[in-house]
Amino acid sequence: MSVETQVRSQAEALPVGTPRLHIIIFAVLLVLLLIAPFVLYPVFLMKVLCFALFASALNLLLGFGGLLSFGHAAFFGSASYITAYAAKDWGLSPELAILLGTAAAAALGLGIGALAIRRQGIYFAMVTLAFAQMVFFFAVQAPFTGGEDGIQAVPRGHMFGFIDLSSDLTLYFVVLVIVFGGLLGIYRIIHSPFGQVLKAIRDNEPRLISLGYKVQRYKLAVFVMSATLAGLAGATKALVFQLASLTDVYWTMSGEVVLMTLLGGMGTVFGPLVGAAALVTMENYFAGLGAWVTVLQGVIFVISVLLFREGIVGVIARLTKKSL
Amino acid sequence: MIEAFEPNPDTKGDIILSARDLTKRFAGFVAVNGVNLDIERGSIHALIGPNGAGKTTCFNLLTKFLQPSSGTIHFNGRNITDLPSADIARLGVVRSFQISAVFPRMSVAENVRIALQRRRGDSFDFWRAQRVLSDFDDEALRRVDEVGLSEFSHVMAGDLSYGRKRALEIATTLALEPEMMLLDEPMAGMAQEDVTRISALIRTISANRTILMVEHNLSVVADLSDRITVLARGEVLAEGSYDEVSKHPGVVEAYIGASHE
Ligand SMILES: Nc1ncnc2c1ncn2[C@@H]1O[C@H](COP(=O)(O)OP(=O)(O)O)[C@@H](O)[C@H]1O
Ligand SMILES: [Mg+2]
C-alpha cells in the first residue's frame, strides 16, 4: 500500500474533525432558513423547526442509542404545559418559561428513563408508552391544564425584557436560534466520546458490557438528554402557538415523531429534519381532509417500512456512499 | 467471607480462575451441572465437548452474562460470583462470543478503539469532539494490523466476512490487554490460512496472560493447549493433557455418541 492510500484509509477508518460535507449542509440550511420567513409563513416554518428538533431528539435516542421510545409526547407535552402556565399564570419572561418547561421535561426524563432502561427492546417501548399515558391522564385531570381547552392565549412576552416576540417574524428568528442551537448540540453529542459509546450500545450491547462498559448509565444519560431536547421543542412550540393542549401529550404525538424519524432516516444526522418537514407540510397541506390525514400518515408509514427502511436520507446516503 | 476453597489436587501451580460446583438450570433442564474448573495462571486451557455440552453456558456463568443457579467463582482469589459483567471485565476477565460480536455500523478501527477508550475511564463527556480519542488511533491501527486486517481498517465491521469478524473480535479483546481471555470458538468459520495466523497470534498473546478457549478444531486444541477439560451433558467428563484426554474412553464415546444424535 502506498503511503498516500494508507493515509487516506486511516482518515476514513478513524475520522477526525467535522466532515466538510456536514459543514456545508448546515451552512446552506442556515442560509435557507434565514431567507425562508420572507417567502413562506413564519408560523408554518416555526412548526417545522420545532418538530425538526423534536424528531432529532428522538433520533438521538433511537438512531444512536438504539432505544425506541413510544412515549416522547410526555416530555414534549409536559414542557409545553409548564411553559404555557409559567408564562401565562406566573407572568414569567419567555426565556425563563422555556427554561422551566425544559427542566421539567429533563426531570421527568430522569424518572421515566431510570425505570424504562431496565427493560429491553419492545418492553422498553411499552414502558415508555405506559408512562406517557399516565402523564396524559394527569393532564386530563389536573386543574391547571385547562382540560379539553388546554392553556390558551399564552403571552409571548419580551425576551430578556426587550425583544418583543409578538411579531411572528421576530419570534421566528428566536426560534431559529433555539432550534439550530439544539441541532448543533445533538450533532456534537453524536460525535463525542459519549456518542461513540452510544453507537456501540446500539450496535451490540452485550459486547460492550463484555468490554467493561456500564451501559445502563449511558442509556440513562442519553434518555435524559433526549427528553430534555424534546422538552425544549415542546416549550418553544407553546410560545409559537400560544397554546398547550392535550394533543401535545397524546400518544399520537409520540407516534408522529417516531414516524418523522423513520421517514427521514433514523441514525442519520439530517433525516429527522427531512421527516419533520415532510410530515408537517403534509398536515398543513391536507388539513382540509380532516381525519384522512391520519390515514394518509398510516399509509406513508407502511410504505416507508416496507419499501425503504433506511428512510429518505438513509437511501440518499447509501446511494451517494456518504455519511449524512 | 472465607469459603472452603480447595484447589484441584491434580493441578499444580498458581490458579487464576476457579469455579466450584457451578450449576445452571433452565426451566427444569440442567445445562451446567456441578462443574469444577481450575485454570492455571499463564496457561492455555481448552474447554471442549460436543454441541450442547454447556461450554457457552459455562462462559456465560464465568462472566456473569448468566446468573449461576448455584456455585462460586473466584478470580485471583477474590470471590466474583456476585459481581456484574462489566466489573468482571474491569478486573481483567474479558470474553469473546460464539456468535461473532462486532459493532457492525462502526469501522474496523473504531471497533478496536472503543475498547481502548475504556482507558479514559467513563466517557460521559458528550460536549467534547471525538478528536480527543485520536490519542488511541495509532494503537487501534496497530491492533488491527496484528490480526491481519490493516487493509480493512476503514470498512464497516458488518461488511466483513465471517472469519475476519472473528479476527476483529480478537483484536478488540486484546486491546484491553486483559489478564485473562475467554475465547468461544475463535476459529470457527475461518479459512485455513486465518486459522494458522490466529493460532500463532493466540500463542503469542498467551505469553503473559491466561486463556480459556472453547474450540472444535482438535488439531488447534492439541497444538495450543496446556490442559483440556472435556464437558458432556453439562458435566466434566475428563481433564488433563491432550494425550490423556484423547485416550479417555468416555471422551471417545461422547464424541462418537454426539455425532449420531
Ligand atoms: N438461555 C437458555 N435457555 C434455555 N436453554 C439454554 C439457554 N442457553 C443454552 N441452553 C441450553 O443449554 C445447553 C447447553 O448449551 P451451550 O452452553 O450453548 O452448549 P455448547 O456451547 O457446549 O454447544 C443446550 O441444550 C442449550 O439448548
Ligand atoms: Mg457454544
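The values are calculated or read from the model by the stated rules, or taken from the named source; none is laboratory data. Just so it is clear, the model here is predicted, and its values are computed rather than measured. Because the Cβ atoms are built from the backbone with ideal geometry, glycine has one as well, and the counts that use them run over all protein chains shown. Areas reflect the complete protein model, heavy atoms only, side chains present, ligands, DNA and RNA absent. Shrake-Rupley method; radii C 1.70, N 1.55, O 1.52, S 1.80 Å.
Here is a yes/no grid of residues against (1) open to solvent by less than 20 Å² (accessible area, probe 1.4 Å); (2) of a type in the set (A, V, I, L, M, F, W, C):
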site: B:Met181; (1), (2): yes, yes
site: B:Pro186; (1), (2): yes, no
site: B:Ala191; (1), (2): no, yes
site: B:Arg203; (1), (2): no, no
site: B:Val221; (1), (2): yes, yes
site: B:Leu231; (1), (2): yes, yes
site: B:Gly240; (1), (2): yes, no
site: B:Glu244; (1), (2): no, no
site: B:His248; (1), (2): no, no
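Within segment B:24-65, how many residues turn out to be within 13 Å of ligand 2 (Cβ to nearest atom), assigned to a loop (DSSP other than H, G, I, E, B) and buried (at least 17 other Cβ atoms within 10 Å of the Cβ)?
Going through segment B:24-65 one residue at a time, the tally reaches 5.
If I filter segment A:45-60 for residues that are open to solvent by 30 Å² or more (accessible area, probe 1.4 Å) and part of a helix (DSSP H, G or I), do I get at least one hit?
Within segment A:45-60 (the criterion being open to solvent by 30 Å² or more (accessible area, probe 1.4 Å) and part of a helix (DSSP H, G or I)), the answer is yes, since at least one residue qualifies.
Does A:Gly185 satisfy the condition of being assigned to a helix (DSSP H, G or I) and within 14 Å of chain B (Cβ to nearest Cβ)?
The answer is yes for A:Gly185.
Which residue is farthest from the other protein chains (Cβ to nearest Cβ), if the candidates are limited to segment B:76-120 and must be open to solvent by less than 40 Å² (accessible area, probe 1.4 Å) and polar (S, T, N, Q)?
B:Thr81
What single numbered condition from (1) more than 24 Å from B:Ile15 (Cα to Cα); (2) not in a helix (DSSP H, G or I) fails to hold for B:Leu212?
B:Leu212 satisfies every listed condition except (1).
Do you know which residues across segment B:66-75 are buried (at least 17 other Cβ atoms within 10 Å of the Cβ) and more than 14 Å from ligand 1 (Cβ to nearest atom)?
Of everything in segment B:66-75, those that are buried (at least 17 other Cβ atoms within 10 Å of the Cβ) and more than 14 Å from ligand 1 (Cβ to nearest atom) turn out to be B:Gly71, B:Thr72, B:Ile73, B:His74, B:Phe75.
Condition first: within 14 Å of A:Ala13 (Cα to Cα) and part of a helix (DSSP H, G or I). Now tell me which residues in segment B:93-131 satisfy that.
Passing the criteria: B:Val108, B:Ala109, B:Glu110, B:Asn111, B:Val112, B:Arg113, B:Ile114, B:Gln130, B:Arg131.
Looking for whichever is assigned to a helix (DSSP H, G or I) and within 14 Å of another protein chain (Cβ to nearest Cβ) here; the options are A:Ser254, A:Ser226. Which one fits?
A:Ser226
Any residue at all in segment A:239-251 that is surrounded by fewer than 24 Cβ atoms within 10 Å (Cβ to Cβ) and touching a Leu at 6+ places or on another chain (Cβ under 6 Å)?
No, because not a single residue in segment A:239-251 is surrounded by fewer than 24 Cβ atoms within 10 Å (Cβ to Cβ) and touching a Leu at 6+ places or on another chain (Cβ under 6 Å).
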